[in-house]
Amino acid sequence: MELLHQVNANIAALNPYQPGKPIDAVARELGLTDIVKLASNENPRGPGERVQQAISAASTDLSRYPDGGGYTLKATLAQHLGVQPEQITLGNGSNDVLDLMARVAVEPGFEAIVAEHSFVVYRLAVTCCGGTLVPAPASQAPDNRYGADLDAMLASITPKTRVIFLANPNNPTGTWVKRDALKAFLDQVPAHVWVVLDEAYFEYVDDPEYPDGLALLSDYPNLLVTRTFSKIHGLAALRLGFGVSHPELADLLNRVRQPFNVNAIAMAAALAALQDQEFISESQQLNAAGLRQMRTALETMGYDCIPSVGNFISFDCGVPGGTLFQALLQEGVIVRPIAEYGLPNHIRVSIGLPAENQRFIDALQTVRTTLASTQADAQHSAQQ
């Protein structure tokens with residue numbers, strides 16, 4: 001098609017984001033009916049009862065546009081977080097805010113720094129804006145394998161650097177940066193470089209040394225903190241996230257934000273979710289127990305796990321991740337291969353309900369035996 005030559009070359013060169021495989025797709029392709037999805041780091045409980053009631057009530061008036069500025073939600077969020085409403089940018093998921101930040105900060109000829117093995121959306125957002133992505137090598141420290149190497153990120157800064165994206169904790173590795181290390185890092189970032197602190201999994205971390213990015217905003221006006229309602233609040237389908245920053249940056253983000261980018265049902269659900277701290281506490285406890293269940297089982301089977309503080313765990317499966325992914329699909333279990341993150345032999349598995357976790361563990365026991373037998377047969381044939 002001749003018109004395809006008349007497009008943005010940066011976009012033409014991109015591969016689209018590949019989400020976790022949907023349950024419906026697996027059912028359709030494999031004819032399965034009993035399927036467990038542990039691929040997209042969702043809250044397996046779904047939203048709480050209070051939120052479901054709010055969604056139902058908001059669904060009765062769908063003919064009107066939502067509040068384009070999100071006044072009530074921003075005011076409630078500000079009070080909940082201890083910030084000012086003018087510091088908040090609402091997004092269609094926190095991915096939306098990440099994209100807005102790239103559009104504000106990045107242009108052709110300039111650079112954005114990320115950690116190796118970091119969220120692929122950073123690359124997509126930067127590339128679409130014509131910027132150059134600069135991945136800093138991952139840490140080799142024994143206590144931070146696959147995690148962000150902050151010194152390497154600092155060493156990557158040049159006069160062309162516009163923004164640094166840092167997830168804490170990181171997806172897909174689950175690694176994280178401690179408070180003192182983060183502050184020392186921010187102290188060394190030049191004032192002209194923006195820092196995006198992606199805290200999508202903030203509520204899951206239970207460690208006294210884990211930093212609250214919002215507490216750092218007053219000291220670092222070049223900081224943007226992003227969070228989401230998709231994870232612990234169980235609202236992934238409604239797409240709602242937000243950023244908190246200096247008001248002047250929030251004003252710039254608002255200039256490129258799409259009109260009505262957050263729908264009325266999502267905002268109603270978020271307002272209810274903020275009031276349900278019991279649901280959050282229960283979800284945290286469920287996740288902590290599930291993370292222990294998963295890690296214990298994986299290590300008992302001899303797998304090398306990356307220590308995680310999120311609602312997922314990644315491990316070296318000893319074979320190409322895509323191979324294990326396909327084998328588990330046949331057992332009705334959906335996980336996430338992460339070769340696109342530079343980890344070709346790793347699988348990321350989300351923490352589900354206890355029975356879902358056990359379903360994955362049992363399926364893994366089954367397929368690893370089959371894969372080992374297949375490998376042995378292949379080696380035997382090669383030797384003949």
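Name the long-range amide H neighbours of Val333: under 5 Å, sequence gap of 5 or more, or other chain; modelled H, no Pro or chain starts.
Val36
Percent antiparallel among DSSP beta bridges with both residues in region 49-276, to the nearest 5?
Numbers: 9 of 27 bridges.
Expressed as a percentage, antiparallel bridges in region 49-276 total about 35.
Which value in deg cm²/dmol, rounded to the nearest 500, describes the helix-derived mean residue ellipticity at 222 nm for the chain, given -39,500 (n - 2.57) per DSSP H run of n ≥ 4 and division by the residue count? Mind dumping the intermediate values first?
Details: 13 runs with 155 residues, N = 384.
That comes out to -12500 deg cm²/dmol.
Taking the chain as the reference, fit the longest principal axis to its C-alpha atoms, fit the long axis of helix 247-256 to the helix C-alpha atoms, and give the angle between the two in degrees, 0 to 90, nearest 10.
Tilt of helix 247-256: around 70 degrees.
Show the residues, 5+ positions off or on another chain, whose built amide H is closer than 5 Å to the amide H of Tyr146.
When sequence neighbours closer than 5 places are left aside, the close amide H contacts are Ser139.
Please build a GNM for the chain, connecting alpha carbons under 10 Å apart, and tell me which residue among Thr158, Thr369, Thr132 fluctuates the most.
Thr369
Going by average Cβ density within 10 Å per residue, which order do the peptides 314-322, 60-68, 184-192 take, highest to lowest?
Working: 314-322: 19.8, 60-68: 10.1, 184-192: 13.4.
The most tightly packed comes first, giving 314-322, 184-192, 60-68.
Take each of the peptides 238-250, 21-33, 221-233, average the number of other beta-carbon atoms within 10 Å over its residues, and list them starting from the highest.
Values: 238-250: 21.6, 21-33: 12.5, 221-233: 23.6.
So the peptides 238-250, 21-33, 221-233, ranked by packing, come out 221-233, 238-250, 21-33.
Convert 20 °C to kelvin, take the viscosity as 1.002 mPa s, use the Kirkwood radius over C-alpha pairs of region 40-150 as Rh, and evaluate the Stokes-Einstein diffusion coefficient in µm²/s, rounded to a whole number.
Numbers: Rh = 17.6 Å.
Rounded to a whole number, D works out at 122 µm²/s.
Calculate how many DSSP beta bridges within the chain are antiparallel, expressed in % of all such bridges and rounded to the nearest 5. Before the final figure, lay out each step's value.
Values: 19 of 39 bridges.
Taking every DSSP beta bridge within the chain, about 50 percent pair in antiparallel fashion.
Excluding residues on the same chain fewer than 8 positions from Lys160, give the lysines whose Cα lies under 30 Å from its Cα.
Lys178, Lys183
In region 171-269, what % of DSSP beta bridges are antiparallel (nearest 5)? Working shown, then result.
On the way: 5 of 9 bridges.
Rounded to the nearest five, the antiparallel share is 55 percent.
Can you match Cα extents along the principal axes in Å to one of these, (i) 61, 51, 51; (ii) 69, 57, 52; (iii) 58, 56, 53, based on a calculation from the structure here?
Step by step, Cα extents along the principal axes in Å for this structure corresponds to label (ii).
Please sort 356-363, 98-105 by packing, taking for each peptide the average over its residues of neighbouring beta carbons within 10 angstrom, highest first. Can you show the working numbers first?
On the way: 356-363: 18.5, 98-105: 23.5.
By packing density, highest mean first, the sequence is 98-105, 356-363.
What residues have an amide H closer than 5 Å to that of Thr132, excluding those fewer than 5 places away on the same chain, when H is modeled at 1.01 Å from N in the peptide plane?
Under 5 Å from the amide H of Thr132 lie the amide H atoms of Gly109, Phe110, Glu111, Ala112, each far enough along the sequence or on another chain.
Bear in mind that the values in this text are calculations on the coordinates, not laboratory data. Keep in mind that this is a model prediction, so the values were computed, not measured. As a convention, Cβ positions derive from the backbone with ideal geometry for all residues, glycine included, and neighbour counts pool all protein chains shown.
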